[in-house]
Amino acid sequence: MARSFRYYGKKRGNRRTGSPAWASASEALFFAVLLVLGCCGLVLLFTTQVVPEWRVNYEFVSTTCKVLDKRITETRGADGMMYRPEIKIEYIVDGVTHSDWHYDIHHTSFAGRDGAQAILDLFSLYDKNQENLFCCWYNPADPREAVLVRGYRWWVWLVFTVPISFIAIGAGGLIFALLHWGKSAERRAAMTQRAQDRDLFAAGGRGDRNFPFIPQGVNITNSPGTKLQYRLPVAGSVGWSLFIALAFCVVWNACAAVSVVWAVHGFAEGKPDWILVAFVVALLLIGVGSVFFLVRRLLVVTGIGLTLVEISGHPLHPGQRYRVALSQPGRRKMNLLLVSLVCAETAAYRQGTNTRTETQEVYRQELLRREDLEIKREQPFEVEFDLDVPVGAMHSFLAGHNQIHWSLVVEGDVARRPKFQRAFTVIVHPAPGDHAA
Amino acid sequence: MSMEPTIIIRLDGDGRIGRPGEPLSGQYWIESLAADQVKAIEASVLWYTEGKGDQDMAVHEFWRRDIDDGGEIDPDRPERFVATLPNSPLSYEGRIVKICWCVRVRVFLHRGKELIAQKVFCLGNVPAVRATHSDEHE
């Protein structure tokens, strides 16, 4: 069973058969390279962008100069022609006259000639009669070096985010890799566990140490009921799902409308673009679908009143009986109203670069069934019934990729309306005899 | 011909079902392994998931013996361990999620080689999904 050092390995789902030592070394090397790149970039940016500007602002000495000539120098760069403004100035330092082409410390070039020309237009040629002199700054260590403008460019500081990000990711990853170097999966898990325990302690014991990996369900018990002890919150936010559907519908159809205008414009000019037309048709079909979905959601949310579910105790335990109260307002005729206790398993897994989630129902117990129900405006449908948690039921479970989830699901088939389903999460603990006090 | 080294893990009692809050005890040793080949030995009581999803794992108890910490490790000598089992998660055999508990022993040898063995046990007695729950609504 001894494993030898392997340089490569097969991928088996989430598990690889390669050498852990080689994987750790590669990981550390990757983050080290990122860190070195970030440091080099930071030094380079600092020395080429910040230091020259700082020297101009704090070390260069101010004097006056005559503008003798102006020109635009053309250079061919990677992005095409670049235009650099250059101004020939004359200034005197310690009785010595200096004359050369200058503008700024970075020798800034422009992609368009107009930008360079606009700079040159700011400086008029020297006229003896007007005595028009301009301010310039020269390097006291080498007076031949001079500029006509100084200051800081704000965007340079934004560029710093790139090397700083590299340094942060590289340093963080390298520390993580070194901390985990040569450690087994169990040792790493134990270290993580201890760190989480410390965090839980620091946060005032929010985690339930008595029942690890069972969700606490604090938001389930923080709302008292009017008939029974707790009012259960509906799982998932109705408002958010409606907002997302609305936002998607608006943005998508706005894009579709712009595309329609382009397509119509092409027809008006007698040059129809049939590829664009096909694209627009596809956009419109999805747009219509989004409107249909939004209307359907609106009908469910607004047309069917708020479902209220209350329960006599929480968390639930296998083999025990609880009372459940249901209140369903809304002036509707319902073909069917169904309440069930449902247990589902959820597993998240990576497939290539995507993370997929699969949910499978493993238990369903029908608690209430009413057919041909008429709900009046002034009198919501109200009913109480028993909930027996099955003996031997698995408790709720929540880990990073896997979950066991219990809920009370209310389903309705409303006349002339879309069917609706609302879930109310409940937490199931192990049976009282199945855990230590 | 030299024999392959083997890790032996024995749990006290019936060694198959543990109950929350009760101690789980046992011992482990390694057969056919010379003491000078061992760098470190780790023993853990842990759970891990199996099934469709990516694996989750958490270590409940962890012990490590390292020659760098001083003293020699005699792999032949049985090493006892005791851990109080937690209330959750209980062992579970569902459709796409399974929770398995085990005692795992990992032996680090020189030149990066490792030996690993584990003894699975059940925490609690939650019946398997297929055996208990009907599929009438599916």
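List of remarks:
- Within segment A:317-348, the set of residues being of a type in the set (Ser, Thr, Tyr), within 12 Å of chain B (Cβ to nearest Cβ) and over 21 Å from residue A:216 (Cβ atoms) comprises A:340 only.
- Looking only at residues of segment A:223-243 that are within 22 Å of residue A:397 (Cβ to Cβ) and part of a loop (DSSP other than H, G, I, E, B), we find that the one that is nearest to the other protein chains (Cβ to nearest Cβ) is A:235.
- Pairing each residue of segment B:41-66 that is in contact (Cβ under 8 Å) with a residue 40 or more places away in the chain with any residue that is among the basic types (Lys, Arg) and not in a strand (DSSP E or B), provided the two are 6+ apart or on different chains, yields C-beta distances under 9 Å for B:42/A:187; B:44/A:187; B:51/B:95; B:52/B:95.
- If you go through segment A:131-159 and keep only what is part of a loop (DSSP other than H, G, I, E, B) and either hydroxyl-bearing (Ser, Thr, Tyr) or surrounded by 13 or more Cβ atoms within 10 Å (Cβ to Cβ) (or both), you end up with A:132, A:133, A:148, A:149, A:150, A:152, A:153.
- Annotation note: of A:177, A:195, A:171, the sole residue that is assigned to a helix (DSSP H, G or I) and free of Cβ contacts under 8 Å to residues at least 40 places away in the same chain is A:195.
- Among the candidates A:367, A:338, residue that is modelled with pLDDT of 90 or more, assigned to a strand (DSSP E or B), under 22 Å from residue A:228 (Cβ atoms) and over 38 Å from the mean Cα position of the chain (by Cα): A:367
- Enumeration of residues in segment B:1-15 that are farther than 29 Å from residue B:113 by Cβ and either in contact with a strand residue (DSSP E or B) (Cβ under 6 Å, 6 or more places away or on another chain) or surrounded by 13 or more Cβ atoms within 10 Å (Cβ to Cβ) (or both): B:12, B:13
- Screening segment B:108-129 for residues that are more than 9 Å from every other protein chain (Cβ to nearest Cβ) and either of a type outside the set (A, V, I, L, M) or touching a residue at least 60 places away in the same chain (Cβ under 8 Å) (or both) and picking the one that is farthest from residue A:433 (Cα to Cα) gives B:110.
- For segment A:48-59, the condition of being within 37 Å of the chain's Cα centre (by Cα), hydroxyl-bearing (Ser, Thr, Tyr) and farther than 22 Å from residue A:171 by Cα holds for at least one residue.
- Of everything in segment A:385-409 that is free of Cβ contacts under 8 Å to residues at least 60 places away in the same chain and not in a loop (DSSP other than H, G, I, E, B), the residue that is surrounded by the most Cβ atoms within 10 Å (Cβ to Cβ) is A:402.
- Residue count, segment B:104-129 (criterion: charged (D, E, K, R) and farther than 16 Å from residue B:64 by Cβ): 3
- The set of residues from segment A:343-354 being of a type in the set (Val, Ile, Thr) and under 15 Å from residue B:96 (Cβ atoms) comprises just one member, A:346.
- Qualifying strands (runs of 3 or more DSSP E) (wholly inside segment B:21-98; at least 3 residues being within 12 Å of another protein chain (Cβ to nearest Cβ) and surrounded by 19 or more Cβ atoms within 10 Å (Cβ to Cβ)): B:38-51, B:57-66
- Check on residue A:31, closer than 27 Å to residue A:177 by Cα, aromatic (Phe, Trp, Tyr) and either touching a residue at least 24 places away in the same chain (Cβ under 8 Å) or outside any strand (DSSP E or B) (or both): yes
- Odd one out for residue A:49, checked against (1) modelled with pLDDT of 95 or more; (2) surrounded by 14 or more Cβ atoms within 10 Å (Cβ to Cβ): (1)
- Selection from segment A:160-188 of residues that are farther than 19 Å from residue A:47 by Cα, at pLDDT 85 or above and surrounded by 17 or more Cβ atoms within 10 Å (Cβ to Cβ): A:170, A:173, A:174, A:177, A:184, A:185, A:186, A:187
- Odd one out for residue B:105 among (1) surrounded by fewer than 17 Cβ atoms within 10 Å (Cβ to Cβ); (2) touching an Asp or Glu at 6+ places or on another chain (Cβ under 8 Å); (3) closer than 18 Å to residue A:188 by Cα: (1)
- Among the residues of segment A:231-270, those identified as closer than 30 Å to residue A:322 by Cβ and under 28 Å from the mean Cα position of the chain (by Cα) are A:233, A:234, A:235, A:236, A:237, A:238, A:239, A:240, A:241.
- Residue within segment A:389-397 that is in contact with a Lys or Arg (Cβ under 9 Å, 6 or more places away or on another chain), farther than 22 Å from residue A:231 by Cα and within 13 Å of chain B (Cβ to nearest Cβ) present: no
- Leading residue by the ranking (surrounded by the most Cβ atoms within 10 Å (Cβ to Cβ)) among those in segment A:95-117 that are assigned to a helix (DSSP H, G or I) and under 43 Å from the mean Cα position of the chain (by Cα): A:116
- Neighbours by Cβ (under 8 Å, 6+ apart or cross-chain): first from segment A:357-384, more than 17 Å from residue A:413 (Cβ to Cβ) and more than 9 Å from every other protein chain (Cβ to nearest Cβ); second surrounded by 12 or more Cβ atoms within 10 Å (Cβ to Cβ) and modelled with pLDDT under 85: A:376/A:331; A:377/A:331; A:380/A:305; A:380/A:329; A:380/A:330
- Residue among A:351, A:421 that is of a type outside the set (Lys, Arg), within 13 Å of chain B (Cβ to nearest Cβ) and surrounded by fewer than 20 Cβ atoms within 10 Å (Cβ to Cβ): A:351
The values are calculated or read from the model by the stated rules, or taken from the named source; none is laboratory data. Remember, predicted model here, so these are calculated numbers, not experimental data. Don't worry about glycine lacking a Cβ; one is built from the backbone with ideal geometry, like all the others, and counts go over all protein chains shown.
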